Amino acid sequence: MMAPPTTGPASAPLSDILLAAARAVQGVLAGASLTDALSRVAAPLRPAAQALSFHAMRQLGRARAVKQALIPRKPADPLLDALLLTAFSLLVADEGEAAAAGVSYAPHTVVDQAVRAAASQRSLAPFKGLVNGSLRRFLRERESVLDAADRRPEAVWNHPEWWVRRLRIDYPDHWQSLLRAANRPPAMVLRVNRRRTRREALLEAFRAAGVDALPVGETGVALSQPRPVQQLPGFAEGWWSVQDAAAQLAAPLLQVKDGMRVLDACAAPGGKTAHLLELADLDLLALDVDAGRLERVDANLARLGLSARTQAADVADLDAWWDGRPFDAVLADVPCTASGIVRRHPDIRWLRREGDVANTAALQARIADALWQVVAPGGKFLYATCSIFPAEGARQAEAFQRRHPDAARLPAPGQLLTQAEPDRPAEQHDGFFYALFAKV
């Protein structure tokens with residue numbers, strides 16, 4: 001998982017940061033993940049460009065509506081379009097939103113630096129007048145332009161209209177709070193590796209290093225401000241892993257004990273794999289369809305002083321990987337729309353399409369049905385998704401139990417929803433769903 005954006009003064013000119021962030025935004029608009037798009041940004045610019053591009057994703061709906069009102073015809077150059085959207089994202093946000101993202105700049109500075117960014121590129125230089133004129137016009141007509149833009153749900157909520165519509169149906173009493181919470185930068189949460197240290201010792205090391213942190217959950221630590229992982233005490237020593245508080249609930253639900261044969265399906269990047277191994281000495285197999293992502297699992301386990309067998313395979317194709325021996329516990333953190341982690345990955349909302357919900361639900365059912373076959377009698381099966389759409393959670397679990405009469409449902413958190421409480425970051429968590437079954 002990409003580390004949260006860091007805040008603080010940027011040494012590069014804002015024009016360079018704007019251009020780098022615009023290239024990342026351009027990548028997302030073309031269908032790439034923000035993680036992949038930012039990986040192509042020069043290392044010295046990446047932290048500042050990451051903070052700005054994250055902010056642009058959180059303001060994209062409103063920025064797009066404003067740009068369309070001022071420039072009805074979409075620019076033919078995709079980079080120009082992305083630069084305008086990135087600049088508008090800074091101008092349409094209120095001071096609190098910009099400050100929380102670490103991208104607060106005076107409006108005239110944004111205009112000046114956006115023009116400089118355009119002038120620095122041969123393909124964009126002819127359009128610097130368009131950049132200057134449209135941004136200055138917005139500053140002059142801000143109130144009327146925003147009033148017109150905010151007639152569109154996408155501009156009000158900074159989510160696609162289909163996403164807003166689905167939440168209104170699924171959560172009629174609090175869909176607004178879910179959308180507001182999804183647009184707040186999340187706390188950076190760590191999970192303590194109990195095999196290497198204790199939470200009290202880690203908190204003491206953080207205090208000594210001037211890192212403000214609070215305990216959260218059973219083994220979690222929430223930072224008041226995100227930091228690059230290499231700058232935190234204990235990273236190289238494997239004292240902790242980055243993992244949201246909601247995700248930290250998965251491994252304990254399976255109540256693993258020494259000697260158990262355990263399967264972590266869809267395991268990459270390995271956070272839950274490591275957590276299971278921190279809880280007990282296990283015969284654990286970590287599967288994932290992506291061999292490249294499994295390399296991250298191996299690397300993460302090595303840093304933490306843990307080990308497991310890893311294998312690249314389609315988990316639903318049992319003939320490709322299963323040796324016929326059943327598992328005492330199976331964790332199925334299945335592919336989903338990731339609608340519950342948009343605080344951390346704000347590009348997700350713009351990359352997904354409405355049809356993706358039904359498509360992932362069908363894939364989830366296929367995976368769950370296949371994995372149920374490998375659970376030993378009396379064994380446990382944990383179905384998990386980082387989604388807030390009931391089609392991927394509660395309704396999926398209910399349908400699974402109807403298809404499998406030998407599945408007894410056990411207590412589990414069910415649907416977890418992100419709450420918008422900015423003054424209590426340690427109590428925030430991602431949207432997640434858990435259903436636990438025993439084979440009877």
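General remarks:
- Between helix 199-208 and the chain: long-axis angle, C-alpha atoms, 0 to 90°, nearest 10: 30
- For the chain, the mean projected area of the C-alpha convex hull, equal to one quarter of the hull surface, is 21.2 nm².
- Under 26 Å from Lys128, Cα to Cα: lysines that are on another chain or at least 8 residues apart: Lys67, Lys74
- Rolling a 1.4 Å probe over the heavy atoms of the protein chains gives the chain an accessible area of 43 Å² per residue.
- Here the Debye sum runs over all C-alpha atoms of the range 67-143 as equal scatterers in vacuum, and log10 of I(q)/I(0) at q = 0.12, 0.17 Å⁻¹ comes out as -0.31, -0.62.
- Relative to the dominant Cα principal axis of the chain, helix 394-403 is inclined by about 30°.
- Our note on the geometry: Cα centres of the range 122-161 and the range 238-306, 45 Å apart.
- Ranked order, Met260, Met188 - accessible area, probe 1.4 Å, largest first: Met260, Met188
- Given 15 as the ceiling on other Cβ atoms within 10 Å, longest exposed-site-free region of the chain for trypsin sites (Lys or Arg not before Pro) in DSSP loops: 258-352
- The accessible surface of the range 180-287, taken with every protein chain in place and a 1.4 Å probe, is 50 percent carbon and sulfur.
- The share of Cα pairs per 10 Å bin across the range 54-182, counted from zero up to the longest distance, runs 12, 42, 32, 11, 3, 0 percent.
- Solvent-accessible area, 1.4 Å probe, carbon plus sulfur percent, for the range 39-100: 53
- Hits among lysines - C-alpha to C-alpha of Lys257 under 29 Å, sequence gap 8 or more where chains match: Lys272, Lys380, Lys439
- Exposed-site-free run, longest, the chain (rule: GluC sites (Glu not before Pro); DSSP loop; at most 15 other C-beta within 10 Å): 1-140
- Taking amide H as placed 1.01 Å from N in the peptide plane, Trp240 has its amide H under 5 Å from the amide H of Asn193, each at least 5 places away in sequence or on another chain.
- Between helix 291-304 and the chain: long-axis angle, C-alpha atoms, 0 to 90°, nearest 10: 80
- Reciprocal mean inverse distance between Cα atoms of the range 293-366 - Kirkwood radius, Å: 15.3
The values are calculated or read from the model by the stated rules, or taken from the named source; none is laboratory data. The structure presented is a predicted model; accordingly, all values stated were derived computationally and were not measured. Positions of Cβ are generated from backbone atoms using ideal geometry, with glycine treated the same way; all protein chains shown enter the neighbour counts. These area figures cover heavy atoms from the full protein model, side chains too; ligands, DNA and RNA do not enter into them. Shrake-Rupley method; radii C 1.70, N 1.55, O 1.52, S 1.80 Å.
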